[in-house]
1. Computed FRET efficiency, Cβ-Cβ of S528 and I7, R0 45 Å: what is it to the nearest 0.05?
2. Hey, what's the Kirkwood Rh for the stretch 567-726 if you take every pair of different alpha carbons, in angstrom?
3. Measure out, as a whole number of angstrom, how far apart the alpha-carbon centroids of the stretch 600-678 and the stretch 406-455 sit.
4. Check cross-link reach from K228 to the lysines: straight Cα distance under 16 Å, and skip same-chain residues fewer than eight apart.
5. For the stretch 490-532 and the stretch 180-196, write down the distance between their C-alpha centroids in whole Å.
6. Here are a few candidate values for semi-axes √(5λ) of the Cα gyration tensor in Å: (1) 85, 30, 24; (2) 52, 33, 27; (3) 47, 30, 23. Which one was actually calculated from the structure I just gave you?
7. Run through the stretch 685-718 and list the chymotrypsin sites (Phe, Trp or Tyr not before Pro) located in a DSSP loop whose Cβ has at most 16 other Cβ atoms within 10 Å.
8. Efficiency by 1/(1 + (r/R0)^6): what FRET value for A32 and F103, r their Cβ-Cβ distance, R0 = 25 Å, to the nearest 0.05?
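None of the figures in this text is laboratory data; all of them are computed from the coordinates on show. Everything numeric here is computed off the predicted structure, so don't read it as measured data. Cβ coordinates were reconstructed from backbone atoms using ideal geometry, including for glycine residues, and neighbour counts include every protein chain displayed.
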Amino acid sequence: NGRLGAIPSVFRTLSNVQSVYPIKDDFTFYSAKVDQQINLNNRLSLRYTFTPISTTGIQSSGQNQPFGLNDVSRTGTSTIRDTAVVAQLTSIIDSTKINEFIFNFGRRSSLFSSSSDVAINIPGAGFLGREPFSPAQRKERVFEIKDNFSYIFGQHTTKFGASVNFVRIIPFTFELNFSGVFNFGDLAATAVSPMFLGAPAFTATQAYGLGIPQTFIQGFNNSNTRIKNTQLGFYAQDSWKIHPKLTLNYGVRYDYERTPLFDASAIKSDRLNLTAQQVDAAERFLNVRQGIPRDTDNIAPRIALAFDPKGDGKTVIRAAYGLFYDNPLLFIAGNSVFANGVTSPQLIAPSGNPLPTNSLNSAQIFQGTVQVGVTPGIDRGAVYLPAQARFDPKASFAGYGALLPFTLPVDRNFEFAYTNQINLTIERELLPDTALQVTYLFTGGRKLPHSVNRNAPDGQRVLTASATDRIINNFFRPSGPNPVFVKTDRPIPFGTVGVQEASSSSIYHGVSLNLTKRFSSNVQIQGSYSYSKTIDDSTDLQSLLQPQDNRQPGLERSLSLFDQRHRFVLSGVFKSPFKLNSRGIRKLLADTTIAPIIELSSGRPFNILTGTDTNLDQSSVTDRPNFNITNGQLTIPGPAQIGSLARNAGITPGFASLDLRVARSISLGEHMKLEMISEVFNLFNRVNVSTVNNNFRVVTFEEGRFKSPPTALFDPRQFQFSLKLKF
């Protein structure tokens, strides 16, 4: 009884999903440079560059899906036009003083687009239709002025300078969810028929076949804004040769950004039932705002030393510490304007009965049964497009429906992210052309931006209410709340409030061994091995990468997706000592160079998800399963429960590859040489997995690790041939 009438017009059988498709990347670089020696002490350089870049077949992971589950319709196309003009005046004041003045003008236009189809997300099975985060377009202009002054005195080499950078992005366009997004997940059997009482739930794939999505989301109206940002930077540094065996480098840098800020009280909308005053009051209540707060105390010291214990140049000990600040991404400011509940409002329709007389829900929209003027909860000015299973995003806003609008503001106490970096290296000459280097590297990220739902509903309270009051029960989700009445559990007129907080952290410890034999006797060898561990509590600042439990984001701390415990790389260059005037086999090998590269590395973690909203926080993209340590089984948590499995608990297979390059030079005269190059990548055609399925239903527990079938592979064996003419 879940589906009415004909098969929905946007329905596609999963057997027709095209997950293998060509990728095309066109890159051209044009450059012109003019140098003018004005006089003995002043030199002027002018450089112009133009870089057009076009890329098709770009994979998407914006919905937490692994590569390989995307249909070709979910891939994107990127078009970039990058222009830059740089003028540099170098002035030698005297034998100890040099000044560099640089002016830079840059203009970049970029467009990321996807297909026009409505987006369909089926966790573990397929992701079809337009990338919800597209199209995104911006035209950026940059004016930069900087000056560097160097001064040598005694045993000191001092340098200091300043820069100012004006960034203007006009326009900045981001059509968030304008194509519409259907999210499918597990569906209670009784949602289809009461006769299925006691039967197991339908999977996301089966729910897709039944035509009953969990949610539908669509953005409307205005998607344009203007971004202005001004960056100021000052630095001073000194290199002090204290002793022939000891050199000390130290310095400090200060950065300030006049980041974009927007006033919520300036919002205007005559068609929505959410006023600017309500938005402003709600933002103040939640301690959030639109735009990026300005951080004024970004002082970054750095210090390093190099020590030669014996003074013979054969052993060097290097140590360094530095604090480095990040620049916040300006799209954070743009998102806070687009998704403020009014400027570009988002319709969120929950699951429900597809009958047109029921309150607006995702099943009606997917199955084409919406009737404007009949279906409750729709603005009469809305234009429903049944053949596209969505509304016209440029027409009247369809209405907030049963669910409250979501917003993407920024924490009022937001501060810029920074890292503490420590490096300790010991390098020793073993032979005149061979050196061994041992390095320890520490990187600690602090105040990293990530998204947290500051207004998440309490699933336990909702569950308790649904057990005692039938009116809160939702027909198609008997284990969850009727979203209409979730409003009573919210303090302000918003639903999800995906706040950008500067509260995440990461830590990296790594030790590496590097053996280098410089090119001599026609041989060069480089080998490196690294052992490292990376831990963090968030992956990115996307709103779809929020914590599983927004009330306890600290529980997300785990191995990072970037953690790779072991990596070994060995490369060499072997040049033939023979010349063309040699005889026999020596002549065949004359002027030939062979260069192999071997790489062996361990797998990386992946996050295991259920693809359904088990904790009743109105999000199905971050929920994890329960793990039974006794039998190694993964199961769906109970209603309103948080999955017990740690974040990033899975592990992908390791990587191994041998690449080989063979080149031969042929003399074409005294001043001309032709080089013929043959290259083969992944010589033994080993199957290397790049991505695995992260849906818990296909994950297995083997030898103490969670593993899953692959969804995408690295390139198979490839051959490449080229000619290079030198003259």
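1. Numbers: r = 56 Å, r/R0 = 1.25.
Given R0 = 45 Å and the Cβ-Cβ separation, E is 0.20.
2. Taking every pair of different Cα atoms in the stretch 567-726, averaging 1/r and inverting gives 19.8 Å.
3. The distance from the Cα centre of the stretch 600-678 to that of the stretch 406-455 comes to 21 Å.
4. Those lysines meeting the cut-off are K139.
5. 41
6. (2)
7. Filter output for the stretch 685-718: F714.
8. Approximately 0.90, to the nearest 0.05.
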